[in-house]
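Reviewing the structure listed below.
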Amino acid sequence: MLRDVAGAGVFVSTHPDVILKLGTKEVLYRTRNLEWGSDTHLYSTMDQMIQELPLRLATAKARVLKQHRGNGGNGVWKVQLPVDALANSEGCSLAVLPQPETIICVRHAKRGCGEEQITLGEFYRRCEPYFSANGRMIDQEYQERLPEGMIRCYLVHDRVVGFGHQAINALFPAPLGAPSTEAPAPGPRLYYPPSMPEFQTLKRKLEHEWVSAMQRLLEIETESLPILWDCDFLLGPKGDNGEDTYVLCEINVSSVAPYPESAVPYVVDASVARVQTARQRRFSARGKTF
């Protein structure tokens, strides 16, 4: 319906075709080779996940699996082998691949959930609903610098208009040596204007490199980018020069709220411009009809 409304010349803040390109977790897989990408895989079916996930768990590295569509941490899981298995592997691949009866550690990012130890087969059963109706799952390598916080960059079209910083988020680990039940609850997100000094490198990369590279890859014109959207980043491994790297973990294009006050005038100006453009196109189309 929304596609038909947009096709009739009515102003739509984000076209449904753009939502499908940006607003699902699959964007993490499609853009994995950009500078913001990481070791990311796509499971189109449960059978594919059963075949491939054990290979990745056997590397002794934690994985983060995310359902294709969702919010609030629902369908986002940190998955890894228990500490004793990791210690025995000494950072190398296991000689025997994890089996459905293998015990694994999982933590659902949904609010109120803690770490559990369940069998790999049970985890598969929990993920079955995510594959219904052509669903799928994205598998990313866990970022060890997650305890340093998540940075949310708010954009109006291709311009950064503010930031949010959350020091403690859903998959934040327990203190070193403490049981998993001691993991702190997520904290508040603090908001900052686009001039925030510590985020200027990230702002520059987004505005001058990454967004345009994403547009070319996904074939999205600048005027078709959402009026307000955001990109969530975790800190990746330090570069050879000692500078921070950034790993994209999500893009939001629907219900992007709350947002920093600094974004308001940009949203207003962009909305007015888009309404005027839609009105002009609609009137032009009517003129051709008569």
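The values are calculated or read from the model by the stated rules, or taken from the named source; none is laboratory data. These figures come from a predicted structure and were not determined experimentally. Backbone-built Cβ (ideal geometry, glycine too); neighbour counts: all protein chains shown.
Restricting segment 104-138 to residues that are assigned to a loop (DSSP other than H, G, I, E, B) and of a type in the set (A, V, I, L, M, F, W, C) leaves a set whose member that is modelled with the lowest pLDDT is Cys113.
Checking each residue of segment 191-201 against the condition of being in contact with a strand residue (DSSP E or B) (Cβ under 8 Å, 6 or more places away or on another chain), crowded, with 18+ Cβ neighbours inside 10 Å, aromatic (Phe, Trp, Tyr) and part of a helix (DSSP H, G or I) gives at least one match.
Candidates Asp139, Asp158: the one that is of a type in the set (Asp, Glu), closer than 30 Å to Arg274 by Cα and either touching an Asp or Glu at 6+ places or on another chain (Cβ under 9 Å) or surrounded by 14 or more Cβ atoms within 10 Å (Cβ to Cβ) (or both) is Asp158. Scanning segment 175-218 for residues being of a type in the set (Asp, Glu) and touching a residue at least 40 places away in the same chain (Cβ under 8 Å) gives a total of 2.
When each of Pro179, Pro98, Pro147, Pro184 is tested for being within 26 Å of Gly236 (Cα to Cα) and surrounded by 14 or more Cβ atoms within 10 Å (Cβ to Cβ), the lone residue that passes is Pro147.
Consider Pro129 carefully, then state whether it is without any contact (Cβ under 8 Å) to a residue 60 or more places away in the chain, within 20 Å of Asp47 (Cβ to Cβ) and of a type outside the set (A, V, I, L, M, F, W, C). When the stated conditions are applied, Pro129 passes them.
Just one of the listed residues (Arg216, Arg274) is at pLDDT 95 or above, of a type in the set (Lys, Arg) and out of contact with any strand residue (DSSP E or B) (no Cβ under 8 Å at 6 or more places or on another chain), and it is Arg216.
Determine, yes or no, whether Leu206 is part of a helix (DSSP H, G or I), touching a Phe, Trp or Tyr at 6+ places or on another chain (Cβ under 9 Å) and outside the structural domain of Glu116 (by TED's automatic domain parsing). In short, yes.
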